[in-house]
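Encoded as structure tokens, the structure appears first; notes follow it.
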Amino acid sequence: MGCFFSRRRKADKESRPEGEEELPKQYSWDQREKVDPKDYMFSGLKNETVGRLPGRVAGQQFLIQDCENCNIYIFDHSATITIDDCTNCIIFLGPVKGSVFFRNCRDCKCTLACQQFRVRDCRKLEVFLCCATQPIIESSTNIKFGCFQWYYPELAFQFKDAGLSIFNNTWSNIHDFTPVSGELNWSLLPEDAVVQDYVPLPTTDEELKAVRISTEANRSIVPISRGQRQKSSDESCLVVLFAGDYTIANARKLIDEMVGKDFFLVQTKEVSMKPEDAQRVFREKAPDFLPLLNKEFPASLPCGMLKSLMIVA
């Protein structure tokens with residue numbers, strides 16, 4: 001009595017021509033391209049301008065550590081990024097699918113987009129942020145936040161590859177794990193702060209200079225919102241766009257027109273709206289909108305677009 005598969009392997013071995021060696025088995029992990037960690041790391045640099053061009057990181061993890069007086073630009077999407085022990089650095093990070101974690105850094109100016117943002121044991125950071133979840137600071141002081149403002153041609157596709165929505169940005173909704181009574185460890189940058197004054201464009205590296213960057217507010221890939229800044233009026237309006245072929249383009253056009261007419265954009269949110277949500281938002285008018293929630297949209301619908309987009313202005 002024996003195992004069927006052991007007999008089968010024995011028969012296969014006996015049927016092999018004499019002198020022919022058995023080839024080693026090939027597994028899927030053997031076919032993967034070898035990754036050199038040094039290609040996804042900046043470590044121990046001083047007084048340098050360095051970066052990665054679009055397509056050079058391609059969703060890998062990245063590490064930045066022990067850098068001083070450096071200008072660092074990651075023009076690509078990545079999985080996670082950790083920044084440790086950096087001083088007086090300027091940092092731009094393209095969309096990060098997971099977390100960006102600053103630890104023991106000081107006197108840095110940054111522009112970045114991510115799913116999660118954390119700061120621990122840091123002081124004097126100025127961050128222009130797009131974050132899908134509530135940003136967190138811990139054991140840190142003098143951390144200042146502004147809304148992400150940046151553009152280059154590949155950026156929209158990188159947001160998509162990282163699974164981030166340009167409309168889900170909680171940049172100003174900060175949670176401080178270690179508050180101090182009577183003190184505020186974080187604040188918001190002035191509303192008229194110009195991102196290029198904090199994170200200037202690369203000027204010394206010829207490859208990085210070739211990236212077609214714009215920091216103009218009206219070209220920013222992420223709509224610039226006021227967030228939790230104090231409002232000048234109690235009046236507000238909610239705009240809901242239901243998903244379709246041109247929802248993103250229509251939303252951007254509507255925001256531009258409203259801002260051009262002196263509206264202030266408070267926040268945007270891309271959500272999946274359920275019938276009970278429609279009832280809460282539209283009340284007696286809800287039955288008029290329910291068919292839109294159940295409508296089947298074409299396959300050409302942009303990846304990541306959900307049932308509705310809400311704009312508060």
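The values are calculated or read from the model by the stated rules, or taken from the named source; none is laboratory data. Quick caveat: nothing in here was measured; it's all calculated off a predicted structure. For neighbour counting, all protein chains shown are included, and Cβ atoms are generated from backbone atoms with ideal geometry for every residue, glycine included. These accessible areas exclude ligands, DNA and RNA; they are computed on the full protein's heavy atoms, side chains included. Shrake-Rupley method; radii C 1.70, N 1.55, O 1.52, S 1.80 Å.
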task = Write out, first by first residue and then by second, each pair whose Cβ atoms fall under 9 Å of each other, whose residues are 6+ apart or on separate chains, and whose first residue, in region 101-120, is without any contact (Cβ under 8 Å) to a residue 40 or more places away in the chain while the second is in a loop (DSSP other than H, G, I, E, B) and of a type in the set (D, E, K, R).
result = Phe102/Asp121; Arg103/Asp85; Arg103/Asp121; Asn104/Asp85; Asn104/Asp121; Cys105/Asp85; Cys105/Asp121
Boolean, Met305 is surrounded by 14 or more Cβ atoms within 10 Å (Cβ to Cβ), modelled with pLDDT under 85 and within 29 Å of Ile74 (Cα to Cα) = yes
message = Every residue in region 61-115 that is outside any loop (DSSP other than H, G, I, E, B) and among the aromatic types (Phe, Trp, Tyr), please.
response = Phe62, Tyr73, Phe92, Phe101, Phe102
query = Do we find that Leu125 is part of a strand (DSSP E or B) and within 17 Å of Ser78 (Cβ to Cβ) in this structure?
reply = no
query = Given the conditions (1) among the polar types (S, T, N, Q); (2) in a loop (DSSP other than H, G, I, E, B); (3) in contact with a Ser or Thr (Cβ under 7 Å, 6 or more places away or on another chain); (4) closer than 23 Å to Leu125 by Cα, which single one is not true for Thr204?
reply = (4)
query = Is region 152-165 home to any residue that is closer than 22 Å to Cys108 by Cβ, in contact with a Lys or Arg (Cβ under 9 Å, 6 or more places away or on another chain) and surrounded by fewer than 20 Cβ atoms within 10 Å (Cβ to Cβ)?
reply = yes
note = Of the conditions (1) outside any loop (DSSP other than H, G, I, E, B); (2) in contact with a Pro (Cβ under 9 Å, 6 or more places away or on another chain), the single one that Ser187 does not satisfy is (2)
query = Is there a residue being touching a Phe, Trp or Tyr at 6+ places or on another chain (Cβ under 8 Å) and either among the aromatic types (Phe, Trp, Tyr) or part of a loop (DSSP other than H, G, I, E, B) (or both) anywhere in region 249-259?
reply = no
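Let's see how each residue does on (1) in contact (Cβ under 8 Å) with a residue 24 or more places away in the chain; (2) farther than 19 Å from Ala132 by Cα:
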| residue | (1), (2) |
| --- | --- |
| Ala162 | yes, no |
| Phe177 | yes, no |
| Gln196 | no, yes |
| Val211 | yes, yes |
| Asn218 | yes, yes |
| Pro223 | yes, no |
| Lys231 | yes, yes |
| Tyr246 | no, yes |
inquiry  = Is it the case, given these coordinates, that Leu208 is of a type in the set (A, V, I, L, M, F, W, C) and touching a Gly at 6+ places or on another chain (Cβ under 7 Å)?
reply    = yes
task = Only residues that are over 27 Å from Pro202 (Cα atoms) and part of a loop (DSSP other than H, G, I, E, B): list them for region 137-162, please.
result = Ser139, Ser140
ask   = Would a scan of region 270-293 turn up a residue that is buried (at least 16 other Cβ atoms within 10 Å of the Cβ), at pLDDT 85 or above and not in a loop (DSSP other than H, G, I, E, B)?
value = yes
request  = Taking Ser233 as the residue in question, decide whether it is outside any loop (DSSP other than H, G, I, E, B) and either more than 19 Å from the chain's Cα centre (by Cα) or basic (Lys, Arg) (or both).
outcome  = no
query = Quick check, is Leu125 more than 18 Å from the chain's Cα centre (by Cα), under 28 Å from Lys209 (Cα atoms) and either open to solvent by less than 50 Å² (accessible area, probe 1.4 Å) or not hydroxyl-bearing (Ser, Thr, Tyr) (or both)?
reply = yes
